[in-house]
Each structure stands twice: as C-alpha cells, then as structure tokens.
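The values are calculated or read from the model by the stated rules, or taken from the named source; none is laboratory data. Keep in mind that what you see is a predicted model, and the values were worked out from it rather than measured. So basically every Cβ, Gly included, is an ideal-geometry build from the backbone, and we count neighbours across all protein chains shown.
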Amino acid sequence: MQVTDLVRYNHIVRESYLEALSKLSWEEVGVFRGLSWNSMRNVFVHLTLVEDRWINYIIPGRFTEWVDPDFDAFINMDSLKKYMQQVHCSTENYLALFSPEELNREIDVPWGEKPFIKLKVEAVLTHMVMESMVHYGELSAVLWQMGLEAPYKAYWRYKYQNP
C-alpha cells in the first residue's frame, strides 16, 4: 500500500466531515463538547493544521516558522473550507513530486528531548493520517449523540473507486 493513497483517502474523509458539519448551525459546530479540542470546529481545525504543519513545515525542515492558527479566526463554514482546501492543495503539490527517495528520507521530528528523533517521511505521513482517524472518531461520536449520521467511507470502497 502506498502512504500517498492514505493521505488522499484522508482528504476524502475530511471533506465528508466538513459536509456533515455544514448541515449544522455554526453555533452547534462551535459548542463546547468536552472533546480533545473542545468543539467540533476546533477538532476540525486541528485535523487540518496537523496536515499543514507536517507537510509545509516539519517535512521541509521549517518547523521554527510554524505559528499555530487562532481557532477563533474560523468564524464560519467557509473559513473552515478555505483552510481545508488550501492545505489539500499544498499537500497535492507535495505529493505530485513524490519519489521513493522522498518516502525514505529521514527528517527531524521536533518534539521531545534533543537530539530530535529521526523518522522516515513514510512514517510521519502514516502518523498524520492515523492521528486524523482518531479525531474523526470524536466527531462521529458527537454526531451520533446528536442523533445524526456520521459520514463513513471505507478505505476499500475508496480504493475501488480510485484504483
């Protein structure tokens, strides 16, 4: 399996969650719900910024330039969608130039004690997608608690439709 497939699958899943959230009032999306990032809005922003940080800052070695976005600056669904699309676009630009050498390149992961640990790009991309899946579960649980259907797209179905 190619990790790039997982990244693209993650984009499809994120888009389906944005669509599900867009059916709610903005007030509902922003309500404190005791989630890892408090509200559905904040969880969604976190999902997107994780990819942004890895793709645009950590992998290229620019982590010191990273600035966390102000979650309160996301004031409506359009602002969430715009950020998501911007990150998806930059990720696709990165994946378009992808090579086996890039997959195996080791990068510094800038958390924890120094010296920083080194991981292959393949491992950090896999982590990026797996972290997202945890947060999609949070969003699903809230939607279910509200009596709504959570979006679901099985990976096998994604692969069948995108061979």
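Taking the condition at pLDDT 95 or above and among the basic types (K, R), does K120 pass? So K120 passes the test. Of the candidates Y136, Y57, the single residue that is in contact (Cβ under 8 Å) with a residue 24 or more places away in the chain and either of a type outside the set (G, A, S) or surrounded by 15 or more Cβ atoms within 10 Å (Cβ to Cβ) (or both) is Y136. Exactly one residue out of S36, S79, S25 is small (G, A, S), more than 18 Å from the chain's Cα centre (by Cα), within 28 Å of L143 (Cβ to Cβ) and at pLDDT 95 or above: that is S25. From A141, A123, grab the single residue that is over 24 Å from T4 (Cβ atoms), free of Cβ contacts under 8 Å to residues at least 60 places away in the same chain and in a helix (DSSP H, G or I). Of A141, A123, the one residue that is over 24 Å from T4 (Cβ atoms), free of Cβ contacts under 8 Å to residues at least 60 places away in the same chain and in a helix (DSSP H, G or I) is A141.
Criterion applied to L95, L139, L143 was being in contact with a Lys or Arg (Cβ under 9 Å, 6 or more places away or on another chain) and either hydrophobic (A, V, I, L, M, F, W, C) or under 30 Å from E27 (Cβ atoms) (or both), and the one residue passing it is L95.
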